[in-house]
Amino acid sequence: MQKILSGKRYLHSISVAYTAASMAMCYQYEDLRQVIIAGLLHDCAKQLGDGIILERCLTIPLSVSEVEARNPFLLHGKLGAYIAKNEYEIEDEDILSSIEWHTTGKPNMTMLEKFIFLADYIEPYRAQKTTPGLLQIREISFRDIDYAMCLVLENTLRYLRESETEIDPQTQVTYDYYKELFNSKGEQN
Ligand code: DGI
Ligand code: FE
Ligand code: FE
């Protein structure tokens, strides 16, 4: 990763790896090596840039939706998972999936997928100015992981709406799932 990523993205990747590992410890998750590998590799396709990401996805081919074709950076997780499997010889499907879904999330994520998704948002190099709800979400991630999912998605969707950026239906589907989960948990308590 140090060889292929920019200095900043390399630090971000290490930071995601250790933040995710800290969360994994907090939830008594056993396989910390798996968490570290997923964190280190999650953005391995991002430095390729939009043009090459889209071109590689189309030639492999990986499925590309219309929203993804218009916003190719949304594909860096999917292409990253492909590269992790085919270039870095990662066979663990949970690692590959945590890389694939780290930008939009998806319903019913595994603990590993949630560690990577949340660590990506809360890692120490993230700036408060550009990351809505950062301080609160950092704390909640270590206490109520599904509620933290809900908050990240809510803040991301608000930011996308306010900046008039196109929303991938997958991001909305993920939010609806975790919002519903949060509501139904609330009714139980
Ligand atoms: O690659 P990173 O910057 O470390 O993090 P990431 O892969 O989670 O990407 C974060 C960006 O993705 C953030 O600016 C919000 C954006 N994003 C998340 N869901 C959507 C989205 N952008 C668009 N256009 N549509 C989405 O649904
Ligand atoms: Fe990313
Ligand atoms: Fe990232």
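Reported count of residues in region 104-122, each being crowded, with 17+ Cβ neighbours inside 10 Å and out of contact with any Phe, Trp or Tyr (no Cβ under 8 Å at 6 or more places or on another chain), is 8.
Right, residue 35: assigned to a helix (DSSP H, G or I), open to solvent by less than 50 Å² (accessible area, probe 1.4 Å), within 13 Å of ligand 1 (Cβ to nearest atom) and touching a residue at least 60 places away in the same chain (Cβ under 8 Å) or not? Working first, answer last.
Numbers: assigned to a helix (DSSP H, G or I): yes; open to solvent by less than 50 Å² (accessible area, probe 1.4 Å): yes; within 13 Å of ligand 1 (Cβ to nearest atom): no; touching a residue at least 60 places away in the same chain (Cβ under 8 Å): yes.
Answer is no for this residue.
Is it fair to say residue 159 is touching a Pro at 6+ places or on another chain (Cβ under 9 Å), open to solvent by 50 Å² or more (accessible area, probe 1.4 Å) and at pLDDT 95 or above? Let's see the steps before the verdict.
Working: touching a Pro at 6+ places or on another chain (Cβ under 9 Å): yes; open to solvent by 50 Å² or more (accessible area, probe 1.4 Å): yes; at pLDDT 95 or above: yes.
The answer is yes for residue 159.
Scoring residue 129 on the criteria (1) within 14 Å of ligand 1 (Cβ to nearest atom); (2) open to solvent by less than 20 Å² (accessible area, probe 1.4 Å) leaves a single failure, condition (2).
Only one of the numbered conditions (1) surrounded by 21 or more Cβ atoms within 10 Å (Cβ to Cβ); (2) not in a loop (DSSP other than H, G, I, E, B) is violated by residue 58, and that is (1).
Of all the criteria given as (1) more than 12 Å from ligand 1 (Cβ to nearest atom); (2) not in a loop (DSSP other than H, G, I, E, B), the one not satisfied by residue 175 is (1). One residue is enough: does region 71-90 have a residue meeting the conditions free of Cβ contacts under 8 Å to residues at least 60 places away in the same chain, away from ligand 2 (no atom under 15 Å from the Cβ), more than 19 Å from residue 153 (Cα to Cα) and of a type in the set (Val, Ile, Thr)? The answer is yes, given that some residue of region 71-90 is free of Cβ contacts under 8 Å to residues at least 60 places away in the same chain, away from ligand 2 (no atom under 15 Å from the Cβ), more than 19 Å from residue 153 (Cα to Cα) and of a type in the set (Val, Ile, Thr).
If only residues of region 71-92 that are out of contact with any Lys or Arg (no Cβ under 9 Å at 6 or more places or on another chain) and under 16 Å from residue 33 (Cα atoms) are counted, the one that is nearest to ligand 1 (Cβ to nearest atom) is 84. Contact map, region 110-123: first residue within 11 Å of residue 138 (Cα to Cα), second residue at pLDDT below 95 and β-branched (Val, Ile, Thr), Cβ cut-off under 9 Å, separation 6 or more or different chains; the map is empty.
For region 84-92, the count of residues that are buried (at least 17 other Cβ atoms within 10 Å of the Cβ) and of a type in the set (Ser, Thr, Tyr) is zero.
The values are calculated or read from the model by the stated rules, or taken from the named source; none is laboratory data. Source: prediction; values computed, not measured. Cβ sites come from the backbone with ideal geometry, for glycine too, and all protein chains shown count toward neighbours. We work out accessible area using only protein heavy atoms, side chains counted, and drop any ligands, DNA or RNA first. Shrake-Rupley method; radii C 1.70, N 1.55, O 1.52, S 1.80 Å.
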